[in-house]
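The values are calculated or read from the model by the stated rules, or taken from the named source; none is laboratory data. No experiment lies behind these values; they were computed from the predicted model shown. Methodologically, a virtual Cβ is constructed for each residue, glycine included, from the backbone with ideal geometry; neighbour enumeration extends over all protein chains shown.
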Amino acid sequence: MKLLWSLWFCFAAYNTVHAQNAKDKDGKKHGTWVIRGKDKPNQGYANDAVVEKGTYSHGRKTGIWLKFHKDGKTVKLKGNYVNNRPSGDYTRYYSNGNIKESGTFSEEKQQGTLTKYYKNGQISYQANYSEQGKESGTVKHYYENGVVQAEYNLNEGKLNGTYKQYNEDGSVKFSYRMSDGKVAETLKVTNSKNGDDFSPNDSNEKPPVVKNPITKGVTFFPEGYNKVYNENDEIWLDGNFKEGQLYDGKVYIYSSNGLLKQIKVFKEGKFHSMGQN
């Protein structure tokens with residue numbers, strides 16, 4: 001009897017394994033698929049680590065798919081596919097398991113509310129997207145402590161109404177009345193300069209030149225507040241821009257293994273001091 005049970009168990013296990021990663025009669029992926037590091041050797045995963053898993057319908061992704069971080073266990077992205085295209089709600093996760101971003105795709109465009117988070121769980125950005133996949137209405141950026149960093153209103157991709165930026169303590173840094181994407185009136189500008197505001201590290205060093213800003217779907221303002229990312233999805237530039245370049249803000253510098261090494265602070269388009277990281 002024990003021998004029969006052992007044979008049955010081996011047969012069931014064999015069928016379970018081979019039920020995955022199957023193909024239809026035309027050689028197209030069909031059913032449940034688990035893709036591992038050995039299947040994608042150039043992505044830096046261990047051979048047995050799970051890269052992604054989900055369901056194919058005759059060669060096209062369908063239903064819920066999960067993508068994993070390099071450990072092969074922690075979910076990196078959970079999203080729905082219809083006919084091989086992202087459609088419906090999705091959630092991105094940090095390697096610590098906290099939510100990084102949540103939103104909705106429809107017809108390959110961002111739709112509805114998009115919310116982004118810091119690693120500590122605080123919201124970093126929130127906005128609504130129109131049927132055309134563009135930011136629409138009130139947009140808010142937040143500091144890591146939860147205080148609003150900037151808020152403004154967009155109408156067909158252009159700034160309209162009051163544009164405000166705040167200090168980390170919640171006080172207004174400056175505000176403008178915008179019309180059709182242009183400053184119509186200066187409402188408030190707080191001059192933070194004082195005798196000890198600038199450090200002796202001031203120099204004529206200028207911020208990095210931005211040619212093709214990566215903003216992860218957020219509108220880039222040549223004149224205004226932006227967060228720009230590098231090709232590794234890490235925050236690179238954060239602050240106010242003038243003529244398309246960083247004017248007042250921070251530059252984040254990373255080591256080759258992705259660790260944050262330095263933060264440079266720039267004011268009025270010139271290096272001001274080293275920030276804390």
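Among the residues of segment 225-241, is any in a loop (DSSP other than H, G, I, E, B), farther than 30 Å from K70 by Cβ and modelled with pLDDT of 85 or more?
no
Which of the following residues is in the same structural domain as E135 (by TED's automatic domain parsing) and either surrounded by fewer than 17 Cβ atoms within 10 Å (Cβ to Cβ) or touching a Leu at 6+ places or on another chain (Cβ under 9 Å) (or both): G79, G112?
Only one candidate qualifies: G112.
Could you give me the residue pairs with C-beta distances under 9 Å whose first residue belongs to segment 128-151 and is of a type in the set (K, R), whose second residue is surrounded by fewer than 16 Cβ atoms within 10 Å (Cβ to Cβ) and in a loop (DSSP other than H, G, I, E, B) wherever it lies, and which are 6+ apart or on separate chains?
K134/E156; K134/G157
Any residue in segment 44-58 that is surrounded by fewer than 16 Cβ atoms within 10 Å (Cβ to Cβ), within 15 Å of the chain's Cα centre (by Cα) and outside the structural domain of D238 (by TED's automatic domain parsing)?
Scanning segment 44-58, I find no residue that is surrounded by fewer than 16 Cβ atoms within 10 Å (Cβ to Cβ), within 15 Å of the chain's Cα centre (by Cα) and outside the structural domain of D238 (by TED's automatic domain parsing), so the answer is no.
Within segment 93-109, how many residues are under 20 Å from T219 (Cα atoms) and crowded, with 18+ Cβ neighbours inside 10 Å?
Total meeting the criteria: 5.
Considering only residues of segment 148-157 that are of a type outside the set (A, V, I, L, M) and within 22 Å of the chain's Cα centre (by Cα), which is nearest to K227 (Cα to Cα)?
The qualifying residue nearest to K227 (Cα to Cα) is Q149.
Return the residues of segment 47-79 that are in contact with a Lys or Arg (Cβ under 8 Å, 6 or more places away or on another chain) and either of a type in the set (S, T, N, Q) or more than 24 Å from S102 (Cα to Cα) (or both); say none if nothing qualifies.
Within segment 47-79, N47, D48, A49, T55, H58, G59 meet the criteria.
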